[in-house]
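Colleague: Just passing along the structure, written as structure tokens.
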Amino acid sequence: MANEQQANKARELNSRELLKCGAHAIGVEAGKDHGKRGWVVVAHVAPEANVTLPLMLTVATEKGDVQVPLVCVKSEPFKPE
């Protein structure tokens, strides 16, 4: 179970790769909103996108590696008005 700091670190370390894979936005949210414990990284992808993303992101801590769940959410990219 990842805490908020670990989830933010996972987002920072993996955001470029997730963007290359098709995510248009990446955030950190409480896992309970997605049926998970702790905190998760959320990758937003376009509804029509067919992307393959990992289920977990790994971050190193002083006490060892922590697996941070990655949740994929279908959403439209932001368009300025």
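Colleague: By how many degrees, 0 to 90 and rounded to 10, does the Cα axis of helix 4-20 deviate from the longest principal axis of the chain?
Modeller: The angle comes out at about 40 degrees.
Colleague: Additional query: If you place +1 on the Cβ of every Lys and Arg and -1 on the Cβ of every Asp and Glu, how big does the dipole about the Cα centre of segment 4-74 come out, in debye to the nearest 20?
Modeller: Numbers: 9 positive and 8 negative charges, 15 e Å.
Charge dipole, segment 4-74, about its Cα centre: 80 debye, nearest 20.
Colleague: Which of rounded, prolate or oblate describes the chain when judged by the alpha-carbon gyration tensor and an a/c cut-off of 1.5?
Modeller: Details: a/c = 2.06, a/b = 1.74, b/c = 1.18.
Judged from the Cα gyration tensor, the chain comes out prolate (a/c at least 1.5, a/b above b/c).
Colleague: Most mobile of 63, 36, 20 per a Gaussian network model of the chain (Cα springs, under 10 Å)?
Modeller: 63
Any read-out appearing in this document is the output of simple, stated calculations on the displayed coordinates, not a laboratory observation. Fair warning: this is a prediction, and the values are worked out from it, not measured in the lab. Virtual Cβ from ideal backbone geometry, glycine too; neighbours counted across all protein chains shown.
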